[in-house]
Amino acid sequence: MTRLIKQYKTNFTFFNNDIFKDKRLSYKELGLLCQMMSLPDHWEFSVRGLASLHSDGKINNTQIYEAGYPISDENTIKATRKAIEVFSKLDSNDIVIFLLSGGASALFEDNDIGLEQLQVINNQMLKKGLNIEEINTIRKKLSNVKGGKFAHICKPQRSIH
């Protein structure tokens, strides 16, 4: 598994060269990955926004799902379960590039305690003023996809995260 770690140094973004050796990725997919990695952590990604950054203006085979933020909603669970369904059917010839950045993990959730209970817990954490590290620690414990659990769902595919 190749792990991408974004490092900024004098206006450059660095990551491991292994990604460029994987023959399963097209030049367009590599370009899109590089473009996304070069953007600031607080950048809000959208297909239209990313497409506008490139001259051909198209990103094919894309589905967009809305989700609740900062409290998960039915759309959050529905979109995450669709991702689980799609990614769990891939095989070892497929490659997964999955990037969540700048608070986006709140938009990706599936759990066994139920949406209503999750919303209550998240509201309580926000009201109590927990910092993001404390909130994420609790969210990881409750989640079926956070803390590397989604990467396990994606196996045996090669996962880049």
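Odds and ends about this structure:
- Stretching Ile113 away from Arg24 to a fully extended chain increases their span by 28.3 nm, per 0.36 nm per residue minus the current alpha-carbon distance.
- Take the Cα of Thr13, step 7 Å toward its Cβ, do the same at Glu66, and the gap between the two points is 2.8 nm.
A short reminder: the numbers here are calculations on the coordinates, not readings from a lab. If you're wondering where the values come from, they're calculated on a predicted model, not measured in any experiment. Cβ coordinates were reconstructed from backbone atoms using ideal geometry, including for glycine residues, and neighbour counts include every protein chain displayed.
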